[in-house]
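The values are calculated or read from the model by the stated rules, or taken from the named source; none is laboratory data. No experiment lies behind these values; they were computed from the predicted model shown. All Cβ positions, glycine included, derive from the backbone under ideal geometry; neighbour counts span all protein chains shown. Just the protein is used for accessible areas: all its heavy atoms, side chains included, with ligands, DNA and RNA removed. Shrake-Rupley method; radii C 1.70, N 1.55, O 1.52, S 1.80 Å.
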Amino acid sequence: MVHHQRGAEVLELAADVLVIGGGPAASWAALAAAEAGARVVVVDKGYLGTSGATAPTNTGTWFVPPGAEREAAVARRQLLNGELAVPRWVDRTLDMAWQRLHTLADWGYKFPNDDSGKPYLTNLRGPDYMAFMRRRLVRAGVAILDHHPALELLVDSSVIAGAAGIDRQRNRPWRVRAGAVVLATGGCAFGERMLGATGLTGDGYLMAVEAGAALSGMEFSAQYACAPIQSSINKGMPFVWASFFREDGSRLDTSKDRYVVVARALLEGPVWAQLDRGIPELRLWLRQAQPNCFLPYDRNGVDPFTQRFPVTLRCEGTVRGVGGIKLTGDDCSTGVPGLYAAGDAASRERLTGAISGGGGPNSSWAIASGNWAGRAAANFAAREVGSIRDRRVTGLGRAGLRPAASAHSDSSADDILQTVREEFLPLQRNFFRRDATLRQSLERLDRTWTELRDHLPGIGVGAVKSREAAALTATSRWAYASALARAESRGMQRRLDLPATDPQFVCSFNVSDLDRIDVTRSEIPGASVT
């Protein structure tokens, strides 16, 4: 339905469940809600099928059968996760992914066959995986609104009742009243330029906190990927078989943690790599498994297996990091009635602890959390009484949308993004952390937040960039506030001034609020302690 409000044409829709996002977690959430009988609308900032970190590349899955093999996989993971993951959550994630990957095969998704001729369910080819999911959504009757970024959540009393945004191709506001909302907006790459990650700006975190939710695991947002310099390709698998060199040709000893070694060397000068540690047969396999990883080399006439090439480390933030919206129940609820979270938008602390989930665990998490959130949202919506269309809703968005003081042109979204990049991407500030540099960055980001909150306007399609600037600034502040609270080194939290892991910090740090950030500690029931 389209109507006019104060002279502006507004698209008005109603649904049982509204899913915000366009990646795997959003797709699975929408399908699960539709299977539960809900009317579902999906709104995506880009085009569902090509947007997000999964669509342009391939990803493995964490696909482990029940029984002894799964028990062993859970146990192995517990030795690596920094004592913060919960074995029960690891097991249930593996179980849901196992079930739904078989469902995907039953639906007709063409997995490759292994040597015995059976479908090989441990690999998803991003472009055709997401195209397949889009077709399944259409078949299930899900309404998909591409290029409809969400700007704010709507609330009816204390219950989430939908969202509002802008149709960026028509410059037309939209509003969807819904019985429940799933945030599956992906993680935050903090403005780093990586394949499929430019639209990942922490929008869901901002909307969730504005609604009263908390975040957790935000201190574990210092994941960096090795990449050829001047390339947006951040796939790490080929570098498992790489040797690294300083500019003078001396070889780096990467026998322990190669990312730490490479990061230290990059602070001193250029670093070069060569994929020379694999057997010849591996070269063909790598090219077949990750064909787009080799495009930068081919375009520049470089054979990465026989020639050295310059590399850098690119910040992946919470895309391959851990932090996100704190989950308060097995159903991916957030503590805010009617609001659920899935995929990278949700904290993966219970699955991955203090370390990156990488490709496979994160891919399986998207499947599992999407299914849990979608089903729960459908059930919540079914319990709501009254007409969804008649709900009296109020928008929750503030910073970057409705300035607290007078809007003025001195506040630029591009300038704010540059500030976030300067404070969050450098290795000497985020990869290697110290109390003093964390506080310096946080003070500057706090000032930036105050300025944008008070003065940054959000008008028409320009509101998309303004809200992204607000989300990026808020997310970087939450990450550094959490990093200061965790006074130790653990997993991706590398404190040069506190290099030891402290047993008293086998806990979560929850962060909430916008202007005066609140950080609280909570225990993790069922967490592993080695």
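Miscellaneous remarks
- Sole exception among (1) touching a residue at least 40 places away in the same chain (Cβ under 8 Å); (2) over 20 Å from G249 (Cα atoms) for V262, by number: (2)
- Of the residues screened, A33 is one that is closer than 16 Å to A184 by Cβ and open to solvent by less than 10 Å² (accessible area, probe 1.4 Å).
- Cβ-Cβ distances below 7 Å connect the following pairs, each with a first residue in the range 297-323 that is at positive phi, a second residue that is among the hydrophobic types (A, V, I, L, M, F, W, C) and outside any strand (DSSP E or B), and a separation of six or more residues or different chains: G317/A189; G317/F190.
- Only one entry in A184, A178 is crowded, with 23+ Cβ neighbours inside 10 Å, of a type in the set (G, A, S) and either more than 14 Å from the chain's Cα centre (by Cα) or farther than 16 Å from A346 by Cβ (or both), namely A178.
- Spans of helices (runs of 4 or more DSSP H) in the range 287-399 with at least 1 residues of a type in the set (G, A, S) and surrounded by 24 or more Cβ atoms within 10 Å (Cβ to Cβ): 360-383
- Failed item in (1) of a type outside the set (K, R); (2) at pLDDT below 95; (3) under 21 Å from the mean Cα position of the chain (by Cα), with A474 passing the rest: (2)
For every residue, the table says whether it meets (1) under 17 Å from R433 (Cβ atoms); (2) touching a residue at least 12 places away in the same chain (Cβ under 8 Å).
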position: A485; (1), (2): yes, yes
position: R490; (1), (2): yes, yes
position: Q493; (1), (2): yes, yes
position: V506; (1), (2): no, yes
position: F509; (1), (2): yes, yes
position: D513; (1), (2): no, yes
position: R516; (1), (2): no, no
position: R521; (1), (2): no, yes
position: G526; (1), (2): no, yes
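- The residues of the range 347-390 that are under 28 Å from V511 (Cβ atoms) and free of Cβ contacts under 8 Å to residues at least 40 places away in the same chain amount to a single one, G357.
Rundown of residues vs (1) open to solvent by 10 Å² or more (accessible area, probe 1.4 Å); (2) of a type in the set (A, V, I, L, M); (3) closer than 30 Å to A289 by Cβ, yes/no style:
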position	(1), (2), (3)
R170	yes, no, no
G191	yes, no, yes
A222	no, yes, yes
F244	no, no, yes
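- Condition met for G343 (at positive phi and either out of contact with any Gly (no Cβ under 6 Å at 6 or more places or on another chain) or not β-branched (V, I, T) (or both)): yes
Yes/no matrix, rows are residues, columns are (1) modelled with pLDDT of 95 or more; (2) not in a loop (DSSP other than H, G, I, E, B):
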{"position": "R402", "(1), (2)": "no, no"}
{"position": "S411", "(1), (2)": "no, no"}
{"position": "V420", "(1), (2)": "yes, yes"}
{"position": "R439", "(1), (2)": "yes, yes"}
{"position": "L442", "(1), (2)": "yes, yes"}
{"position": "D446", "(1), (2)": "yes, yes"}
{"position": "S466", "(1), (2)": "yes, yes"}
{"position": "W478", "(1), (2)": "yes, yes"}
{"position": "A487", "(1), (2)": "yes, no"}
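- For the range 84-128, a residue qualifies if it is touching a strand residue (DSSP E or B) at 6+ places or on another chain (Cβ under 8 Å) and farther than 20 Å from P291 by Cβ, and the qualifying residues are L84, A105, P119.
- Qualifying residue in the range 112-127 (condition: surrounded by fewer than 17 Cβ atoms within 10 Å (Cβ to Cβ) and at pLDDT 95 or above): no
- Meets criteria (of a type in the set (F, W, Y), surrounded by 14 or more Cβ atoms within 10 Å (Cβ to Cβ) and in contact with a Ser or Thr (Cβ under 8 Å, 6 or more places away or on another chain)) for Y205: yes
- Those residues of the range 143-157 which are more than 23 Å from the chain's Cα centre (by Cα) and either at pLDDT below 95 or buried (at least 19 other Cβ atoms within 10 Å of the Cβ) (or both), in sequence order: V155, D156, S157
- Residue, surrounded by the most Cβ atoms within 10 Å (Cβ to Cβ), within the range 477-503, restricted to residues that are under 21 Å from the mean Cα position of the chain (by Cα) and of a type in the set (A, V, I, L, M): A479
- Within the range 147-161, the residues that satisfy the criterion of being out of contact with any Ser or Thr (no Cβ under 7 Å at 6 or more places or on another chain) and either hydrophobic (A, V, I, L, M, F, W, C) or not in a loop (DSSP other than H, G, I, E, B) (or both) are A150, L151, E152, L153, D156, V159, I160, A161.
- Among the residues listed as R76, R70, R92, R135, the single one being part of a helix (DSSP H, G or I), open to solvent by 60 Å² or more (accessible area, probe 1.4 Å) and over 25 Å from E316 (Cβ atoms): R135
- Among the candidates A55, A97, the residue that is touching a helix residue (DSSP H, G or I) at 6+ places or on another chain (Cβ under 9 Å), open to solvent by less than 60 Å² (accessible area, probe 1.4 Å) and either at pLDDT below 95 or assigned to a loop (DSSP other than H, G, I, E, B) (or both) is uniquely A55.
- Tally of residues being buried (at least 21 other Cβ atoms within 10 Å of the Cβ), farther than 12 Å from R477 by Cα and of a type outside the set (K, R) across the range 431-447: 1
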